[in-house]
Amino acid sequence: QVQLVESGGGLVQPGESLRLSCAASGSISSITTMGWYRQAPGKQRELVASITNGGNTNYEDFVKGRFTISRDNAKNTVDLQMNSLKPEDTAVYYCNAYRMSWSGRIDYWGQGTQVTVSP
């Protein structure tokens with residue numbers, strides 16, 4: 001079992017910044033990639049950014065140049081620094097981790113943290 005706990009969400013104005021943190025615990029030795037997803041009302045959950053255990057990062061186009069994902073393997077944490085926030089960034093942000101099992105990919109999810117960007 002893997003547990004993921006997010007923190008750092010809140011209400012900010014456009015142009016401001018937030019830093020989200022995710023702490024992983026449990027059976028995490030087989031985790032390969034961690035990342036952040038988000039889901040806005042009425043929309044599908046979408047990938048924001050991901051990072052492998054080797055430190056390779058991937059960003060979706062809508063956050064490139066504004067968001068930075070980082071990972072501390074020793075502390076089992078992954079952070080998302082969000083700068084220049086826009087109203088369209090408003091969503092519930094979820095921490096994700098996955099491992100490969102004998103039968104395929106197994107995903108783990110945090111409970112989510114609300115990010116609201118409003119004037």
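The values are calculated or read from the model by the stated rules, or taken from the named source; none is laboratory data. Remember, predicted model here, so these are calculated numbers, not experimental data. Cβ sites come from the backbone with ideal geometry, for glycine too, and all protein chains shown count toward neighbours. Please note that ligands, DNA and RNA were not included when accessible areas were found on the heavy atoms of the full protein model with its side chains. Shrake-Rupley method; radii C 1.70, N 1.55, O 1.52, S 1.80 Å.
See the values below:
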| read-out | value |
| --- | --- |
| Residue list for the range 74-103, filter: under 15 Å from residue 10 (Cα atoms) and not in a strand (DSSP E or B) | 83, 84, 85, 86, 87, 88, 89, 90 |
| Candidates 106, 31, 51, filtered to the one that is assigned to a loop (DSSP other than H, G, I, E, B) and open to solvent by less than 60 Å² (accessible area, probe 1.4 Å) | 31 |
| Checking residue 76 against (1) buried (at least 16 other Cβ atoms within 10 Å of the Cβ); (2) within 20 Å of residue 115 (Cβ to Cβ), the condition it does not meet | (2) |
| Condition check for residue 15: at pLDDT 95 or above, among the small types (Gly, Ala, Ser), part of a loop (DSSP other than H, G, I, E, B) and exposed (fewer than 13 other Cβ atoms within 10 Å of the Cβ) | yes |
| Search result, residues across the range 62-73 that are open to solvent by 50 Å² or more (accessible area, probe 1.4 Å), assigned to a loop (DSSP other than H, G, I, E, B) and over 16 Å from residue 4 (Cα atoms) | 64, 65 |
